[in-house]
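Working notes, beginning with the structure itself.
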Amino acid sequence: MRRFRLPVAGLIAVSSLLAACSPSAAILARPMGSPINVGAVLSLTGSQSASGQMAKEGYLFCQDWINAKGGVNVKGVGHNLNVDIADDQSRPSVAASVTEQLISQNHDTLLLGATNDATAARAALVGEQHQVPMVSSGASSDTIFNSHYHWFFTVLAPRSRQFQGVIDMALAQNPKPQSVAILFASDSLSAEVANATADYVRAKGLNLVYAMSYPSGVNNLSGELTTAAGAGLDLLLEAGHQAESIRTIQQAQQLNVQPKLLAFSDGPGAARFTAVLRKSANYAVGTTQWAPAARNRTSYFLDSFHYSLAYAARFGHLPDQHAAAATAACLILEVAIERAASTAPDPVRKALTDIDLNTFFGEIKFDDRGANAVKPIYVQQVQSGRTVLIWPPEVASARPRYPDPGWAKR
């Protein structure tokens, strides 16, 4: 996790920001009611704990921000928000049991979470059975959305759109790519991304010259890379995991496999990716749901810059996409409660279906599956050792560097 030290100017900006968020006289005069308890299912231990801990910070930032401005306003009465956190240990079965506990024992009738697809799938089913709204900061699998849950919503763009921005960005460059190869890990989520990407490649008139699955964690992809290169690829897209992305870069360099663009679902943007690969990481492209540099239009809450600044002052490091998604999910639930003028599940669910809000995290509007139907997945690129946001143009902080000039020019 990259640490972030604020300069004096940053500290002054944060002080001004916090002062601006202080309750006004009108808010101070508002009567205060009982706290609103919202359950949150998080992976604080186990294999997904790194993202779960970031999501926890994102929820706590939102909670503190809401309470500092006078709480959730329900019919002119302020209510402090209390996020009631439960650890699902990164295990789907535990996610189901702690969701049941939050609802049946803690009497939480509004929920946040869960923070990854596997746990969210089980938690969503429990919420559906109890007819309790859940706003997730970690679910993006179309498998969940296609269940058409009535009570489940997520602020993330669907995983099926993982590489759409990469392809759109490449097609906006000169020379345009003509051919694409796709490599993907054998797990179900990577396969889901690969299949949806193949459909999008064809829809855009590109030639899919090669598509191949590999066992997750495999150490040698030289055969697949050689075959893909022989097919004449312009774009190489890999849906997998960070360690596999690093290995692919290393082996592509050894084999002198040089497409116009190397893009990954996981890797670029992570500190370890650039630390291990050093100059070899340059020009690699990755995808993300959000980045601190995103210049999103906002109609509520802080913009990305001031959110990142205040978050860093609070926790000592910048937010990542997991923290930002959690903050966004919490804010959306607050807005739904205020628009419903109620904490009862039915009116809050109805308010969630009607929401269309521009936030620092991007536009949030739910389709009939509970997915965020309007938000794109962003594209970032390693340039001169730094990860910068390059697509879509309206949120980008830098221009794409394309085509890749070759391994010798890194």
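Listed residues Val257, Val218; which is hydrophobic (A, V, I, L, M, F, W, C), within 23 Å of Pro403 (Cβ to Cβ) and without any contact (Cβ under 8 Å) to a residue 60 or more places away in the chain? Answer to the check: Val257.
Of the numbered criteria (1) in the same structural domain as Gln178 (by TED's automatic domain parsing); (2) crowded, with 19+ Cβ neighbours inside 10 Å, the one Leu302 fails is (1).
Restricting attention to region 129-142 and to residues that are of a type in the set (S, T, N, Q) and in a loop (DSSP other than H, G, I, E, B), the residue that is nearest to Glu192 (Cα to Cα) turns out to be Ser141. Screening Ala243, Ala211, Ala194 for residues that are in contact with a strand residue (DSSP E or B) (Cβ under 6 Å, 6 or more places away or on another chain), small (Gly, Ala, Ser) and surrounded by fewer than 18 Cβ atoms within 10 Å (Cβ to Cβ) leaves exactly one candidate, Ala211. Any residue at all in region 261-281 that's in the same structural domain as Ala181 (by TED's automatic domain parsing), surrounded by 14 or more Cβ atoms within 10 Å (Cβ to Cβ), more than 22 Å from the chain's Cα centre (by Cα) and under 14 Å from Ile182 (Cα atoms)? Checking region 261-281: at least one residue is in the same structural domain as Ala181 (by TED's automatic domain parsing), surrounded by 14 or more Cβ atoms within 10 Å (Cβ to Cβ), more than 22 Å from the chain's Cα centre (by Cα) and under 14 Å from Ile182 (Cα atoms).
On the basis of being surrounded by fewer than 22 Cβ atoms within 10 Å (Cβ to Cβ) and of a type in the set (Val, Ile, Thr), does Val388 make the cut? Taking the combined requirement at face value, the residue satisfies it.
Taking region 196-213 only, how many residues are part of a helix (DSSP H, G or I) and either hydroxyl-bearing (Ser, Thr, Tyr) or within 14 Å of Leu235 (Cα to Cα) (or both)? Working first, answer last.
Quick first cut of region 196-213, residues part of a helix (DSSP H, G or I) only: 196-203.
Okay, now just the ones that are also either hydroxyl-bearing (Ser, Thr, Tyr) or within 14 Å of Leu235 (Cα to Cα) (or both), so 197-198, 200-202.
Number satisfying all stated conditions: 5.
Answer yes if at least one residue in region 69-86 is surrounded by 17 or more Cβ atoms within 10 Å (Cβ to Cβ), touching a Lys or Arg at 6+ places or on another chain (Cβ under 7 Å), at pLDDT 95 or above and closer than 21 Å to Ala312 by Cβ, and no otherwise. Among the residues of region 69-86, not one is surrounded by 17 or more Cβ atoms within 10 Å (Cβ to Cβ), touching a Lys or Arg at 6+ places or on another chain (Cβ under 7 Å), at pLDDT 95 or above and closer than 21 Å to Ala312 by Cβ, which makes the answer no.
Note on region 72-116: residues that are among the acidic types (Asp, Glu), within 20 Å of the chain's Cα centre (by Cα) and in a helix (DSSP H, G or I) total 0.
Determine if region 170-183 includes at least one residue that is assigned to a helix (DSSP H, G or I) and touching a residue at least 12 places away in the same chain (Cβ under 8 Å). So far as region 170-183 goes, yes, one or more of its residues are assigned to a helix (DSSP H, G or I) and touching a residue at least 12 places away in the same chain (Cβ under 8 Å).
Suppose the filter is touching a helix residue (DSSP H, G or I) at 6+ places or on another chain (Cβ under 9 Å), without any contact (Cβ under 8 Å) to a residue 24 or more places away in the chain and of a type in the set (A, V, I, L, M, F, W, C); does Ala313 pass it? Walk me through how you get there before you give the answer.
Values: touching a helix residue (DSSP H, G or I) at 6+ places or on another chain (Cβ under 9 Å): yes; without any contact (Cβ under 8 Å) to a residue 24 or more places away in the chain: no; of a type in the set (A, V, I, L, M, F, W, C): yes.
Against the criterion (touching a helix residue (DSSP H, G or I) at 6+ places or on another chain (Cβ under 9 Å), without any contact (Cβ under 8 Å) to a residue 24 or more places away in the chain and of a type in the set (A, V, I, L, M, F, W, C)), Ala313 does not qualify.
On inspection, Val209 qualifies as modelled with pLDDT of 95 or more, in contact with a Ser or Thr (Cβ under 9 Å, 6 or more places away or on another chain) and closer than 24 Å to Asp168 by Cβ.
Can you tell me which residue is farthest from Thr287 (Cα to Cα) among those in region 148-167 that are in contact (Cβ under 8 Å) with a residue 60 or more places away in the chain and out of contact with any strand residue (DSSP E or B) (no Cβ under 7 Å at 6 or more places or on another chain)?
Initially, region 148-167 is screened for residues in contact (Cβ under 8 Å) with a residue 60 or more places away in the chain, giving 148-158, 161-167.
Imposing the further condition that a residue be out of contact with any strand residue (DSSP E or B) (no Cβ under 7 Å at 6 or more places or on another chain) reduces the set to 148-150, 158, 161, 164, 167.
Working: His148: 26, Tyr149: 27, His150: 29, Pro158: 13, Arg161: 10, Gln164: 10, Ile167: 11 Å.
Checked region 148-167; the qualifying residue farthest from Thr287 (Cα to Cα) is His150.
Within region 123-133, the residues that satisfy the criterion of being without any contact (Cβ under 8 Å) to a residue 60 or more places away in the chain and surrounded by 22 or more Cβ atoms within 10 Å (Cβ to Cβ) are Ala124, Val126, Gly127. For region 143-161, the set of residues classified as surrounded by fewer than 19 Cβ atoms within 10 Å (Cβ to Cβ) and assigned to a helix (DSSP H, G or I) consists of Thr143 only.
So, in region 110-122, of the ones that are aliphatic (A, V, I, L, M) and farther than 12 Å from His322 by Cα, which residue ends up surrounded by the fewest Cβ atoms within 10 Å (Cβ to Cβ)?
So in region 110-122, the residues aliphatic (A, V, I, L, M) come out as 110-112, 114, 118, 120-121.
Right, trim to farther than 12 Å from His322 by Cα and you get 110-112, 118, 120-121.
Working: Leu110: 25, Leu111: 29, Leu112: 30, Ala118: 22, Ala120: 29, Ala121: 20.
The qualifying residue surrounded by the fewest Cβ atoms within 10 Å (Cβ to Cβ) is Ala121.
The values are calculated or read from the model by the stated rules, or taken from the named source; none is laboratory data. For clarity, every value in this text was computed on a predicted model and none was experimentally measured. Glycine gets a Cβ as well: all are built from the backbone with ideal geometry, and neighbour counts include every protein chain shown.
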